[in-house]
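One structure below.
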Amino acid sequence: MKGFTLVELLIVIAILVIMLSMGVPTFKTIQPDLKLSGDIRDLTGDLRLACRMSVTEQVSYGILFSEKKYNLVLFGENKEVLKILKTKKLNSGINFKSITFTNNKVLFNSYGSVNEGGSVILENSKQRIKTIQVSSAGFVKVEN
């Protein structure tokens, strides 16, 4: 008969346990940075989505920031919120360090530009930060 012996199976299990015990602390160390990168990616994507929707539908969309979350919003002619399309909570350990937009909102017009440029800075529990810049022309870019 062909197969594995009990000793061979125990050795394989021991090797897997050793590898796993070495990997878990490493993962816990990089987890705050992964959360920060994920939230930056999501917010950047939503800012670009708001810009594209504003251009294609010829109405104002934008992002409205609050303490630990932001909303993708359809704005009316008087810049009032007509409809909240999406709400995104930040991951645990991630905070808005700074938001330089007036009234904590980014408002894209039908040309894809914003009335004022600004930035959003996110910070993780290890005090690492990432910045999203939105130019007055509506360009969205991430800086470290």
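The values are calculated or read from the model by the stated rules, or taken from the named source; none is laboratory data. Not measured: the values here are computed from a predicted model. Note that each Cβ is placed from the backbone with ideal geometry, even for glycine, and that neighbours are counted across all protein chains shown.
Remark: Phe65 matches the filter, which requires a residue to be farther than 21 Å from Pro32 by Cα and aromatic (Phe, Trp, Tyr). Among residues belonging to the range 98-122 that are in contact (Cβ under 8 Å) with a residue 60 or more places away in the chain and assigned to a strand (DSSP E or B), point out the one that is surrounded by the fewest Cβ atoms within 10 Å (Cβ to Cβ). The selected residue is Leu122. For the range 1-53, taking the residues that are modelled with pLDDT under 95 and among the hydroxyl-bearing types (Ser, Thr, Tyr), the one that is farthest from Thr87 (Cα to Cα) is identified as Thr5.
Looking at the range 1-51, which of its residues are acidic (Asp, Glu) and touching a Lys or Arg at 6+ places or on another chain (Cβ under 9 Å)?
Within the range 1-51, the subset acidic (Asp, Glu) is 8, 33, 39, 42, 46.
Scanning the range 1-51 gives Asp33, Asp39, Asp42, Asp46.
Within the range 41-52, how many residues turn out to be surrounded by fewer than 19 Cβ atoms within 10 Å (Cβ to Cβ) and not charged (D, E, K, R)?
Residues of the range 41-52 surrounded by fewer than 19 Cβ atoms within 10 Å (Cβ to Cβ): 41-42, 44-45, 48-49, 52.
This time we only want the ones that are not charged (D, E, K, R), so: 44-45, 49.
Qualifying residue count, the range 41-52: 3.
Residues that are charged (D, E, K, R), surrounded by 12 or more Cβ atoms within 10 Å (Cβ to Cβ) and part of a strand (DSSP E or B) within the range 75-88 comprise Lys86, Lys88, listed in sequence order.
Would you pick out the residues in the range 29-47 that are in contact (Cβ under 8 Å) with a residue 40 or more places away in the chain and either on the phi > 0 side of the Ramachandran plot or not basic (Lys, Arg) (or both)?
Step one: list which residues in the range 29-47 are in contact (Cβ under 8 Å) with a residue 40 or more places away in the chain, which gives 32-33, 35-40, 42-44, 46-47.
Within the range 29-47, Pro32, Asp33, Leu36, Ser37, Gly38, Asp39, Ile40, Asp42, Leu43, Thr44, Asp46, Leu47 meet the criteria.
Every test in (1) part of a loop (DSSP other than H, G, I, E, B); (2) over 19 Å from Leu72 (Cβ atoms) is passed by Gly138 save one, and that test is (2).
Among what's in the range 60-74 and is at pLDDT below 95 and not small (Gly, Ala, Ser), pick the residue that is surrounded by the most Cβ atoms within 10 Å (Cβ to Cβ).
Step one: of the range 60-74, the residues at pLDDT below 95 are 66-68.
With the extra rule that they be not small (Gly, Ala, Ser), the set shrinks to 67-68.
Working: Glu67: 9, Lys68: 12.
So, considering only residues that are at pLDDT below 95 and not small (Gly, Ala, Ser), the one surrounded by the most Cβ atoms within 10 Å (Cβ to Cβ) is Lys68.
Table: residues versus (1) within 25 Å of the chain's Cα centre (by Cα); (2) hydrophobic (A, V, I, L, M, F, W, C); (3) not in a strand (DSSP E or B).
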position	(1), (2), (3)
Phe4	no, yes, yes
Ile18	no, yes, yes
Leu43	yes, yes, yes
Leu47	yes, yes, yes
Met53	yes, yes, yes
Phe96	yes, yes, no
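Screening the range 100-121 for residues that are under 15 Å from Glu143 (Cβ atoms) and β-branched (Val, Ile, Thr) and picking the one that is farthest from the chain's Cα centre (by Cα) gives Thr100. Within the range 4-25, no residue that is touching a residue at least 40 places away in the same chain (Cβ under 8 Å) and polar (S, T, N, Q) sits with its Cβ atom under 8 Å from a residue that is surrounded by 10 or more Cβ atoms within 10 Å (Cβ to Cβ) and not in a helix (DSSP H, G or I) at 6+ positions apart or across chains.
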